[in-house]
Every structure is written in C-alpha cells, then in structure tokens.
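Q: Sharing a structure here in structure tokens format.
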Protein chains: 2
Amino acid sequence: MEKSKVGLVGLGTVGSGVARILLDHGDRTARQAGRVLWLEKAAVRDPAKPRGCELPEGVLTGQIDDVVNDPEIEVVAELMGGVDRAREVVLALLAAGKDVVTANKALLAAHGPELFDAAREAGRTIAFEAAVAGGVPIIANLSQCLSANQVLSLTGILNGTCNFILEKMHAEGVPYSEVIAEAQRLGYAEADPAMDVDGTDTAQKLAILAHLAFGARPDWAAIPRSGIDTLDLADVRMAQQLGYTIKLLGVAELTPVSQGVGGLQLSVGPTLVRSGSPLADVPGPMNAVKVTADAVGELFYEGPGAGQMPTASAVVADLIDTAVGRTRLTFQTLKLWSKESERTPVADPSDSVARFYLRVEAADEPGVLAQIAGALAAEGVSIASFQQHASDTATVPLVLMTHATTEGAAERACQKIAALKPVTSQPVRLRVLG
Amino acid sequence: MEKSKVGLVGLGTVGSGVARILLDHGDRTARQAGRVLWLEKAAVRDPAKPRGCELPEGVLTGQIDDVVNDPEIEVVAELMGGVDRAREVVLALLAAGKDVVTANKALLAAHGPELFDAAREAGRTIAFEAAVAGGVPIIANLSQCLSANQVLSLTGILNGTCNFILEKMHAEGVPYSEVIAEAQRLGYAEADPAMDVDGTDTAQKLAILAHLAFGARPDWAAIPRSGIDTLDLADVRMAQQLGYTIKLLGVAELTPVSQGVGGLQLSVGPTLVRSGSPLADVPGPMNAVKVTADAVGELFYEGPGAGQMPTASAVVADLIDTAVGRTRLTFQTLKLWSKESERTPVADPSDSVARFYLRVEAADEPGVLAQIAGALAAEGVSIASFQQHASDTATVPLVLMTHATTEGAAERACQKIAALKPVTSQPVRLRVLG
C-alpha cells in the first residue's frame with residue numbers, strides 16, 4: 001500500500017491526540033485514505049519534556065527544520081499555536097512543498113490571505129477543519145455539503161469555555177468571577193482566558209465561517225463584539241425569568257443590499273435565546289452551529305468544540321482528505337482568501353436589526369419610566385414588554401424588551417437613557433435571538 | 001469556463017427542485033464546482049404533463065435513451081424512484097460511461113452491490129447523499145468528516161412522515177388512524193404510506209448508514225423492525241407520564257465480538273426517548289442523527305429529512321462533488337458495496353441489550369402482578385419501575401419499565417406473560433433509549 005509521510009509541528013494536547021490516532025489506528029486511517037498515513041517526524045520545542053503519547057524511535061525532534069527539510073514528508077499539521085512563529089513555520093512548510101493542516105484560527109484570522117496566496121503559489125493546500133468548532137465538521141459542511149445553497153444566516157456557539165461558564169451561571173446562580181476561577185482549576189479555561197471570554201475567539205471563528213459561507217472578507221477585529229466577562233448575574237437571572245437563556249453567540253446574517261446599505265451583518269455577544277430551543281439547550285463545553293440556507297432550510301450541528309480527541313479527529317480528517325486528494329480539489333475550486341473580490345459586502349453594524357433586552361438602574365422616583373420611554377421613543381425604539389422589580393438598594397432595575405430595531409437606534413437610545421438624571425449607570429443592552 | 005453537462009431522469013418533486021437550482025443558480029453551482037453545471041436533458045415518462053419548473057427548449061424528452069445515449073452528458077441524477085426500472089436505468093447509464101447521482105434508498109438497499117460493482121467496472125461513480133435523511137448531509141459526514149473515528153453508535157430519526165405523525169399523537173392526543181388521514185390530506189404522507197409507517201423506509205436507510213459507518217453488510221429486510229402503524233395512543237400517553245417521548249428510531253450499536261457473539265446491533269422501532277433530550281425534541285418532519293465515535297465523542301445533526309428543495313440540495317451537492325472530482329476519490333477509496341469482506345459482523349438481534357417498556361392488559365384480580373413478575377424473573381428480567389392504573393374496562397393496564405436485558409429474554413418473558421390466564425392480550429413491548 002502507498003504511504004504518505006506526515007509531520008507534526010507541536011505535540012501539546014492536540015498534537016499528542018493526532019499522534020495517538022496515527023500510531024494506534026493506522027489500519028483505520030489507511031482504509032479511509034487509501035494509503036498509509038505514516039507519522040515520520042514530530043517537532044517540539046523541548047524534546048526532553050514528558051509527552052502524553054509514546055513515539056517510535058527517531059520521530060521526535062527539537063528542530064522544526066527536520067520537518068521542513070525532510071523531502072519525503074508530504075503533509076504537516078501545524079499544532080504549535082500562536083501567530084507570529086506559526087506564520088513563519090507555515091510559510092516555510094509551503095515553500096518546501098508540503099501541504100499544511102492547521103487548527104490555528106488566530107493564524108487564519110490574522111494572515112489568511114498571505115498564507116493562502118503562498119499555498120497557491122507553491123501549488124500546495126491548507127486545510128483547517130479543526131480551526132472552528134473543534135470536532136464539529138462545520139468547515140467541510142459549509143465548503144462542500146451545502147454547495148447547492150445560498151446560506152442566509154449562521155448562528156454559532158463557538159467557544160466551549162464560555163458555554164461552560166454560562167451554563168454554570170444559569171444552573172448554579174454564581175457570578176462570572178467565581179465560575180471562571182473554577183473553570184481554570186478544572187482546566188476548562190486558560191490561565192489567561194481573555195481571548196475566550198471577551199469574544200475575540202468567537203469573532204475570529206465567525207470571520208472564518210463568514211468567509212466560507214458568504215464569500216465575505218470581514219476583518220474579525222471590526223466585528224462588534226462583547227464577551228461574557230462583563231455579564232452580570234442579575235441579567236442571567238432576569239433572562240431566565242423571562243423564559244430565555246443567555247448564550248455567547250456569533251451571528252452572521254445576510255440582509256438585502258440596496259443603495260449601498262445592507263450586506264452581511266456580523267455580531268458577537270451574549271444573547272438571549274428562547275429557553276428550550278436547540279441552541280439554548282447546548283450543554284457545557286459543546287459547540288453548535290445553526291445554518292439557514294435557501295434550498296435546504298435549517299440545519300443544526302452540535303458536538304464537542306474543543307478537547308484533545310475531538311480536535312484531533314478534525315485534524316486527522318484533514319490529513320486524510322489531503323492524502324486522498326479531496327483537499328486539493330476543494331482548495332482549487334473555492335479560491336479561499338484569494339484576491340478575488342468579496343462576494344458579499346460586510347454591512348454597517350449600526351444598521352443591524354434585532355430585538356434588545358435592556359436593564360436600566362435608576363433612582364426609584366416618579367417619572368423615571370416616562371423619561372426612559374421618551375428616550376426610546378425619540379429614537380423610534382418601540383417597547384415590547386416592561387418589568388420593574390422591587391429592590392433593597394437605593395435604585396431599582398427596570399427591564400425592557402424592545403421590538404425589532406436597529407443596533408444604531410438602540411445604542412443612541414441607551415446613551416440618552418444613560419444621560420437621564422435618575423439613571424445611575426450605563427444601561428445593560430443584550431441582543432435577543434430571532 | 002469548463003462545462004459539465006448534466007442529465008436528469010425523472011422530473012417529479014425532487015427532479016423539478018434540482019432543475020430549478022441548476023437553471024436559476026448557475027453562477028452558484030459554477031463557483032462551487034469550478035465549472036458550469038449545464039442541464040442538458042431531462043427525461044420524463046410523459047413530456048406533455050405540466051411541470052413545477054420551466055425548462056429551456058430541447059431539454060425535456062420522453063425518452064430515457066436520449067439521456068443514456070448523449071455522449072456529452074457526464075453525470076445523471078436518477079430521480080425516477082421505484083426499484084426495478086431504476087436499476088435498469090442506472091446500469092444503462094453506468095455502461096454508457098456516465099457518473100450517477102441518486103436519491104433512491106430502496107434501490108441501494110436492494111441492489112447496492114450490483115450497482116457499485118457495475119460502476120467500478122465502468123470506471124464511474126455513484127453518489128447518494130439524498131438517499132438518507134434528505135437535506136441532512138449524513139452520507140458525506142460519515143464517509144469523510146468522521147474518517148479519523150471508529151463510530152460506536154448511530155441513532156437516527158430517519159423518516160419525517162413518522163416523526164410528523166408521532167408529534168401530532170403526542171401533542172394532540174389523537175390516535176394513529178386519525179393523524180395518518182390528516183397527513184395524507186396535507187401531503188405529508190403518501191397515498192400508500194405502508195413503507196414509511198411500518199419501518200421499512202427507516203430500515204433501508206439504517207442499512208445504508210451501517211454499511212458506511214461500520215463496514216457492515218446488513219440485509220435491511222433482516223433488521224428487526226416495527227413501525228408506528230401499530231402504536232397505541234395509550235402507550236404514547238403512558239410514555240409521556242413517565243417523562244418520555246416516543247420516536248421511531250433506527251439504531252446501530254457496536255458491541256464487542258467475543259466467541260462468535262456480538263457485532264453490530266441493528267433495530268428499528270418506536271422507542272421511548274427521555275423528554276427534553278435533543279432527539280426527543282426533533283420537531284415535525286425533521287430528521288436527526290446522533291453519532292457517537294471514539295475520537296470526536298458525540299455529534300448531533302438535525303435538518304429537513306424530505307421535501308423538494310432540501311432533497312434537491314443534497315442531489316445538487318452530489319452533482320457538484322462529482323463534477324469537481326471529489327466523488328471519484330471517495331468512491332475509489334471507500335470501496336462501498338464491494339466484494340471486500342464485511343468489517344463488522346451483524347449481531348444476533350436476540351442478544352441486543354436494552355431497557356424495555358412493557359404494557360400488560362390483565363384482568364383485575366389478585367395475584368396478577370405476582371404472576372407477571374414471576375414470568376419476568378424466570379427469564380432474568382429485572383423490573384425497574386411499575387405502575388398500575390385504574391381502568392373503567394374489565395382489564396387494567398400494568399406498565400413496567402425493565403432494567404437492561406436482552407431482546408431475547410424480554411421477548412421470551414412477554415410470551416410467558418401472554419400465556420398467563422389473567423392476561424388478555426399480547427403485551428406491548430417498546431425499547432427505551434439509553
């Protein structure tokens with residue numbers, strides 16, 4: 001049987017998982033690839049460090065160049081993480097004539113065009129199933145299975161750490177600060193969880209999905225985003241009372257383009273999702289993506305968004321697709337991150353239409369509600385429901401749900417509300433799904 | 001741009017949907033395929049009949065041979081349905097050097113080996129995404145996205161008609177006979193719904209999935225199956241009281257093989273699923289598949305299982321994959337329905353382990369429960385819970401949930417129970433998921 005020699009760069013959690021599948025299940029990968037996937041070299045920073053897998057003699061190396069310069073290695077999985085050094089390594093691998101598989105969404109979000117151009121110039125391919133939603137094969141589904149469709153919208157729970165933390169906040173009624181500490185102890189959150197919890201990770205993944213599903217070219221850093229790190233437990237409780245569950249969602253929605261207005265609306269933030277709906281029920285560290293498309297209608301995918309073996313499952317699927325040759329065909333056809341002009345413009349976020357949840361803390365005095373309602377009316381924001389709660393502090397929380405309005409109008413109304421004399425702090429404003 | 005000429009055989013609901021996508025969205029399919037998918041000919045039985053789509057001059061023909069003998073047509077979608085004539089047509093198309101796409105699961109279930117051998121001999125391919133679960137791309141996901149995994153189990157809601165009927169029975173408390181009549185009026189059920197409602201359709205789809213996911217070679221007709229046509233509303237109500245929802249499931253589960261016992265357990269039947277779980281919540285005419293695999297863990301797919309455009313979405317995705325060349329690579333590698341020996345033997349259904357729901361109708365007299373409990377104990381079946389309900393008829397329903405036991409033991413116990421003097425009819429026995 002033919003043999004494809006595989007290299008790994010990075011042998012941390014995911015790298016060890018990939019090595020384990022390649023070493024322990026050679027029969028399986030050979031059957032699926034039609035050739036043996038042979039783990040030839042694995043480059044790590046410190047070869048003396050103990051590993052989660054045992055490698056055959058001669059596989060481990062401390063020199064990335066041993067992988068780059070081995071002419072027999074055909075495909076390499078970049079699993080070192082980080083951006084700057086990973087970029088250099090991927091460029092070197094492509095220049096050396098190797099196909100690349102990566103799980104590195106930050107790298108793609110930052111340097112997609114440069115890397116894909118380099119791959120095209122070198123006649124090689126880049127596959128990246130593991131970069132978004134871990135074990136959920138959303139990249140293959142968008143680039144291949146849904147090819148007869150125009151995707152209309154895409155709603156994703158793309159960060160398992162956040163979903164785990166939110167579930168705890170809902171189920172146990174403990175604030176963010178306590179849950180994040182526990183998540184770090186359990187290894188569900190990084191020592192520095194900023195990129196996960198502030199929405200950066202979700203925005204980077206959403207940018208990749210938007211590129212694939214809509215042919216848009218969003219800059220992830222320009223996607224309006226908020227995280228769960230500023231989410232107040234009071235709003236979780238209030239949402240629950242109203243029949244909602246708060247999830248950190250990445251949303252991409254196509255709106256009609258007319259006279260320069262419209263296009264792809266993108267947003268990332270804690271969002272009220274109707275309790276009992278499939279997205280609201282996505283548990284713990286899982287990820288999920290709901291896709292609405294013109295021919296197929298609505299598809300829902302759910303699965304593990306991170307973790308050693310789920311991510312390794314996606315990386316090895318890419319190694320197999322690359323060895324079989326499917327990756328090359330898809331890569332040539334789809335022209336991702338190419339110089340082709342965008343197919344869908346990214347819309348102005350302030351035109352984005354949604355319903356909103358607002359919580360306003362105000363002094364308990366006559367006329368407050370009239371002033372707030374007036375500020376909303378001045379921006380054309382219509383109130384769908386309203387609740388005022390008793391409070392044992394000097395201020396009372398006023399909770400409003402709006403009818404559909406634009407992001408811009410909601411934001412302007414909130415600024416006006418914040419400026420009202422009885423209002424003691426910036427209103428909390430969260431999106432409501434659907 | 002290069003052009004791939006496409007033929008259709010059959011222009012009913014799905015065929016018209018495929019034609020609409022090809023004709024109305026040529027830019028989209030060209031972008032995804034890297035070449036124009038050109039609808040060259042569509043063969044129908046009666047060209048005079050009004051159609052759901054307008055075709056360009058010269059496309060419609062009453063002669064299948066016009067498609068078979070057109071040397072420029074590269075790929076043909078067989079959408080005529082039925083088995084015998086469809087088999088002849090597919091064989092003729094392959095012999096004429098055309099790749100084939102089909103949505104015909106009955107054809108594959110009956111003649112898979114013959115057709116795939118013919119394709120291999122002719123150097124052509126067969127793609128069949130639309131044959132199982134309509135718009136849910138479960139075929140591509142099993143044959144490609146999960147290739148790094150050993151699938152451990154697969155649980156599917158594979159028949160939208162049954163799921164629609166069951167939802168109505170649960171939500172409205174109306175018996176099967178009434179709902180099926182309404183479903184026929186609404187077009188959700190065929191005039192002769194037997195194949196859908198008796199579990200045949202689900203068994204045929206499960207056999208295809210078992211072949212793909214486990215390398216098993218089950219004969220669909222040998223899969224133990226029961227349908228919803230014999231489901232009593234009393235059991236729907238009882239299940240609901242116990243916290244369950246009844247779904248028609250196809251289940252494939254790998255059990256360890258030891259001393260000739262074990263292998264792939266397959267079953268089709270109305271099954272109690274814990275209410276509130278994702279499978280229990282699958283609505284109306286949707287389909288869903290839950291896959292558990294050793295690397296990725298659990299993946300859940302949900303989407304439209306039938307209907308014109310969802311099915312057309314799957315057919316056109318196959319046409320694109322075939323035109324791009326991905327189908328050829330997958331087809332060559334996976335060796336489906338080939339003479340290769342099965343990778344997983346199909347297990348003896350009587351060894352299958354499950355929990356069971358039993359309803360026994362018995363005369364309301366002393367000692368009945370002791371006799372029933374004795375019959376279960378004699379077969380080693382242990383009772384997990386028991387309920388006796390008041391009744392205004394001469395008999396009372398006794399409802400039991402068993403602990404995990406084998407299908408064989410449960411069936412033998414039921415035979416013994418049926419033979420008890422106070423028991424007035426064959427016990428109802430349904431599986432409980434998980």
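Q: With the label 7 angstrom out along Cα to Cβ, how close does B:P175 come to the same site in each of the other copies, in nm, nearest first?
A: Sorted ascending, the copy-to-copy spacings read 6.0 nm.
Q: Closest to the A-onto-B rotation axis, which residue of chain A has its Cβ, and how many Å off the axis is it?
A: A:R326, 2
Q: Same structure, new question: How big is the accessible area of B:H403 in square angstrom, nearest 10, if you roll a 1.4 angstrom probe over the protein chains?
A: Using a 1.4 Å probe on the heavy atoms, I get roughly 90 Å².
Q: Between A:E72 and A:C53, 0.36 nm times their residue separation minus their Cα-Cα distance comes to what?
A: That works out to 4.5 nm of additional length.
Q: Taking a virtual spin label 7 Å from the Cα of A:D364 along the C-beta vector, which residues in segment A:236-258 bring their backbone nitrogen under 19 Å of it?
A: A:238
Q: Roughly what % of DSSP beta bridges within the protein assembly as shown run antiparallel, to the nearest 5? Write down the numbers at each step before the final one.
A: Working: 105 of 153 bridges.
Among the beta bridges of the protein assembly as shown, antiparallel pairing accounts for roughly 70 percent.
Q: Can you work out the FRET efficiency for the pair B:Q371 and B:D65, with r the C-beta to C-beta distance and R0 = 56 Å, to the nearest 0.05?
A: Details: r = 68 Å, r/R0 = 1.21.
For R0 = 56 Å, the calculated efficiency reads 0.25.
Q: According to the square roots a ≥ b ≥ c of the eigenvalues of the Cα gyration tensor, what is the shape class of the protein assembly as shown, taking rounded for a/c under 1.5, prolate for a/b larger than b/c otherwise, and oblate for the remainder?
A: Working: a/c = 1.37, a/b = 1.07, b/c = 1.28.
Rounded shape, in that the Cα axes give a/c under 1.5.
Q: Hey, quick one: spin label on A:S425, modelled 7 Å out along Cα-Cβ, who in segment A:339-371 has an amide N within reach, i.e. under 13 Å?
A: Counting only backbone N, you get A:359-363.
Q: OK, next. Probe radius 1.4 Å, ligands and nucleic acids ignored: give me the carbon and sulfur share of the accessible area of the protein assembly as shown as a rounded percent.
A: 50 percent
Q: A further question on this structure: Using modelled amide H (1.01 Å from N, peptide plane; none on Pro or chain starts), what sits under 5 Å from the amide H of B:V76, excluding residues fewer than 5 places away?
A: B:G7, B:D99, B:V100, B:V101
Q: Say a label goes 7 Å from Cα toward Cβ at B:G97 in every copy; what distances in nm does this one have to the rest, shortest first?
A: 3.5
Q: Further, regarding this structure: Where in segment B:349-363 does the label zone of B:H403 land, with the point 7 angstrom along Cα→C-beta and an amide N cut-off under 20 Å?
A: B:351-359
Q: Also, quick follow-up: 7 Å along Cα→Cβ for the label point: how many nanometres lie between A:Q150 and each equivalent label in the other copies, listed shortest first?
A: Ordered by increasing distance: 4.7 nm.
Q: Give me the inter-chain shielding for A:147-155: mean count of other chain Cβ atoms within 10 Å, whole number please.
A: Details: counts 13, 20, 10, 2, 0, 0, 0, 0, 0.
What the average comes to for A:147-155 is 5.
Q: Where does each of A:E361, A:E411, B:E74 land when they are ordered by accessible area, with a 1.4 Å probe and the largest first?
A: B:E74, A:E411, A:E361
Q: A further question follows. Excluding same-chain residues fewer than 8 positions from B:K247, which lysines have a Cα within less than 18 Å of its Cα?
A: Result set, ordered by chain and number: B:K168, B:K205, B:K290.
Q: Let me ask something else. What's the angle, to the nearest 10 degrees (0 to 90), between helix A:13-24's Cα axis and the longest principal axis of chain A?
A: 40 degrees
Q: Can you spot the aspartates and glutamates whose alpha carbon is less than 12 Å from A:K416's alpha carbon? Ignore those fewer than 8 places along the same chain.
A: Leaving aside aspartates and glutamates fewer than 8 places away in the same chain, those within reach of A:K416 are A:E379.
Q: So what is the 222 nm mean residue ellipticity for chain B from helices alone, if each DSSP H run of at least 4 adds -39500 (n - 2.57) and you divide by all residues, rounding to the nearest 500 deg cm²/dmol?
A: On the way: 14 runs with 156 residues, N = 434.
It comes out at -11000 deg cm²/dmol, rounded to the nearest 500.
Q: Probe 1.4 Å, all protein chains in place: accessible area of B:L22 in Å², nearest 10?
A: Its heavy atoms expose roughly 10 Å² to the probe.
Q: How far apart, in nm, are two points set 7 Å out from the Cα along the Cα-to-Cβ line at A:R274 and at B:R85?
A: Between A:R274 and B:R85, the simple spin-label model gives 4.4 nm.
Q: For a quick protection proxy, order the peptides A:203-211, A:260-268 by their average other-Cβ count within 10 Å, most packed first. It would help to have the intermediate numbers written out before the result.
A: Details: A:203-211: 26.3, A:260-268: 20.0.
By packing density, highest mean first, the sequence is A:203-211, A:260-268.
Q: A:K3: which lysines have alpha carbons under 19 Å from its alpha carbon, excluding same-chain residues fewer than 8 sequence positions away?
A: A:K41, A:K98, B:K335
Q: With a point put 7 Å past each Cα toward its Cβ, work out how far B:E114 is from B:V174 in nm, to one decimal.
A: 4.2 nm
Q: So how do A:S143, B:S275 rank on accessible area, 1.4 Å probe, biggest first, that is with the largest at the start? Provide the component values of the computation, followed by the final result.
A: Working: A:S143 15, B:S275 55 Å².
I get B:S275, A:S143, largest accessible area first.
The values are calculated or read from the model by the stated rules, or taken from the named source; none is laboratory data. Given the structure is predicted, the values throughout are model-derived calculations rather than measurements. Please note: Cβ atoms are built from the backbone with ideal geometry, for glycine as well, and neighbour counts cover all protein chains shown. When the accessible area is computed, the model is the full protein with side chains, heavy atoms only, and any ligands, DNA or RNA have been set aside. Shrake-Rupley method; radii C 1.70, N 1.55, O 1.52, S 1.80 Å.
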